[in-house]
Amino acid sequence: MLPSCMVPDGRLKNGARQIRVACIIGSAEVGGAEHLMLSVMRHLPADEFEWSVICPSGPLVARYAQVAARVGAVGRRSLLNPLVIMRMAVLLRRWRIEVVHTCLYDSDAGGILAGRLSGARRIISHIVGHNFYVTEERGWHRARKRLWSWLYRGVYLLADQLIAVSEAVREDLVSRSGITVSPRKVVVIRHSIAPESAVVSAGHVERVRRLCGVTDSSVVIAAVASLIPLKGHRYLIEALPAITGSIPSLRCLIVGDGPSRPAIEQQVSRLGLARHVVFTGVLDEEEKKAAIRLSRVVVLPSLSEGLPVALLEAMALGKPIVATDVGGIRELIDDQVSGVLVRPRNSDALASAIRSVASDPAWAEQLGRAGRRRFEETFSFSEMIDRLRALYLTGQSRCG
């Protein structure tokens with residue numbers, strides 16, 4: 001049976017029984033979706049909800065255990081494994097889970113099936129991006145991804161409610177070719193970040209400064225994202241030679257890790273950019289925010305996005321953004337007002353935008369201030385929490 005950290009079931013607080021909610025999430029690595037769910041569990045009223053978590057092994061398992069009554073870790077096996085699905089269903093039934101909340105596609109598919117098998121009364125899936133979005137795959141890989149692009153939403157027919165993190169994600173769910181879901185099943189709840197996420201200690205900034213070899217004369221840009229093809233790092237690296245010619249003190253921080261890292265490192269070497277590019281690997285939350293704080297510009301050259309947490313963090317910290325005009329990014333940024341948007345897969349446009357912002361500190365500061373105002377006015381963390389609470393308690397939430 002899956003290992004779990006257990007406390008007595010059916011815990012009572014203030015004389016009222018808590019609603020038992022299980023978060024089934026397909027990753028315990030450091031990432032935006034993972035920290036979103038951690039933040040939700042921390043901030044929903046503890047006297048109303050008792051949390052359990054089912055997830056793969058990873059560095060965040062201990063963090064999940066700090067906010068959940070129970071954590072069931074499934075090792076490195078996929079949550080789509082039939083044996084894992086059956087074991088998840090056993091845990092959900094044993095823990096008498098009433099609401100199942102899934103996040104990330106493997107856990108959506110496996111978690112929805114496990115929730116149905118367990119008899120949970122309500123199943124909610126949190127859709128944070130464009131699943132099976134065809135980008136740069138070739139041959140059989142492209143054909144297979146196109147097939148899944150048609151089929152993947154079938155599992156959502158078994159869910160009670162779908163949460164889309166942006167209007168772009170909602171539109172994709174209900175209109176992309178293939179199996180679709182009813183618009184009535186989808187509610188848009190734009191995610192946000194907790195107020196404490198906008199605070200960065202001077203000690204963490206100094207530590208990251210030393211780690212990355214940043215000096216007082218460095219002009220720092222940062223790309224905070226998993227190193228996967230969808231995030232478009234290759235286009236950022238292609239853009240750098242056109243920037244370093246006019247900004248020789250440029251330092252580009254590649255914050256994150258992933259399967260594309262060897263290819264990106266080879267590209268950096270091939271273009272002779274080793275002295276300008278720093279691969280930080282995965283940073284903890286405080287160090288990641290410090291890397292953003294150090295940056296003159298935060299860059300996200302993605303090919304597809306739901307509503308990227310890294311850009312919300314940059315906005316909260318008052319940092320200007322250069323990003324591609326895809327998916328939910330355009331719901332975050334007013335072009336030329338709170339950031340600069342460029343076409344995806346266009347290294348020349350990316351280079352021009354980064355160079356313009358990075359070489360003009362006054363404009364960069366103006367963009368950053370506007371971004372922070374937009375974040376504070378539009379992406380309320382308390383509203384996100386209130387609307388999720390309404391979903392758990394009543395199943396009702398207004399779209400918007």
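Couple of notes before you dig in:
- Subset of the stretch 273-296 that is closer than 14 Å to H204 by Cβ and of a type in the set (A, V, I, L, M) - its residue that is surrounded by the most Cβ atoms within 10 Å (Cβ to Cβ): A291
- Single residue of R77, R20, R42, R63 found to be among the basic types (K, R) and at pLDDT 95 or above: R20
- Scoring A114 on the criteria (1) closer than 26 Å to L92 by Cβ; (2) out of contact with any Lys or Arg (no Cβ under 6 Å at 6 or more places or on another chain); (3) of a type in the set (A, V, I, L, M, F, W, C); (4) modelled with pLDDT under 95 leaves a single failure, condition (4).
- Identity of the residue in the stretch 227-240, touching a helix residue (DSSP H, G or I) at 6+ places or on another chain (Cβ under 8 Å) and not basic (K, R), that ends up surrounded by the fewest Cβ atoms within 10 Å (Cβ to Cβ): E238
- Residue within the stretch 321-330 that is under 17 Å from L250 (Cα atoms) and not aromatic (F, W, Y) present: yes
Each row is one residue, and each column tells you yes or no for (1) touching a residue at least 60 places away in the same chain (Cβ under 8 Å); (2) aliphatic (A, V, I, L, M); (3) in a loop (DSSP other than H, G, I, E, B).
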site: R20; (1), (2), (3): yes, no, no
site: A28; (1), (2), (3): no, yes, yes
site: R42; (1), (2), (3): yes, no, no
site: G58; (1), (2), (3): no, no, yes
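- Residues (among the aliphatic types (A, V, I, L, M), part of a helix (DSSP H, G or I) and surrounded by 23 or more Cβ atoms within 10 Å (Cβ to Cβ)) located in the stretch 98-131: A109, I112, A114
Matching residues to (1) in a helix (DSSP H, G or I); (2) within 24 Å of R170 (Cβ to Cβ); (3) touching a strand residue (DSSP E or B) at 6+ places or on another chain (Cβ under 7 Å); (4) not polar (S, T, N, Q):
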{"site": "R275", "(1), (2), (3), (4)": "no, no, no, yes"}
{"site": "V340", "(1), (2), (3), (4)": "no, no, yes, yes"}
{"site": "S356", "(1), (2), (3), (4)": "yes, no, no, no"}
{"site": "W363", "(1), (2), (3), (4)": "yes, no, no, yes"}
{"site": "L367", "(1), (2), (3), (4)": "yes, no, yes, yes"}
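- Meets criteria (touching a Cys at 6+ places or on another chain (Cβ under 9 Å), among the β-branched types (V, I, T), buried (at least 19 other Cβ atoms within 10 Å of the Cβ) and at pLDDT 95 or above) for V299: yes
- Qualifying residues in the stretch 178-212 (those that are outside any loop (DSSP other than H, G, I, E, B) and of a type in the set (A, V, I, L, M, F, W, C)) - the one surrounded by the fewest Cβ atoms within 10 Å (Cβ to Cβ): A202
- Conditions (1) crowded, with 20+ Cβ neighbours inside 10 Å; (2) of a type in the set (V, I, T); (3) assigned to a loop (DSSP other than H, G, I, E, B); number of the one not met by T215: (1)
The values are calculated or read from the model by the stated rules, or taken from the named source; none is laboratory data. Please read these numbers as outputs of a predicted model, since none were measured by experiment. Counting neighbours? That spans all protein chains shown, and the Cβs are built from the backbone with ideal geometry, glycine included.
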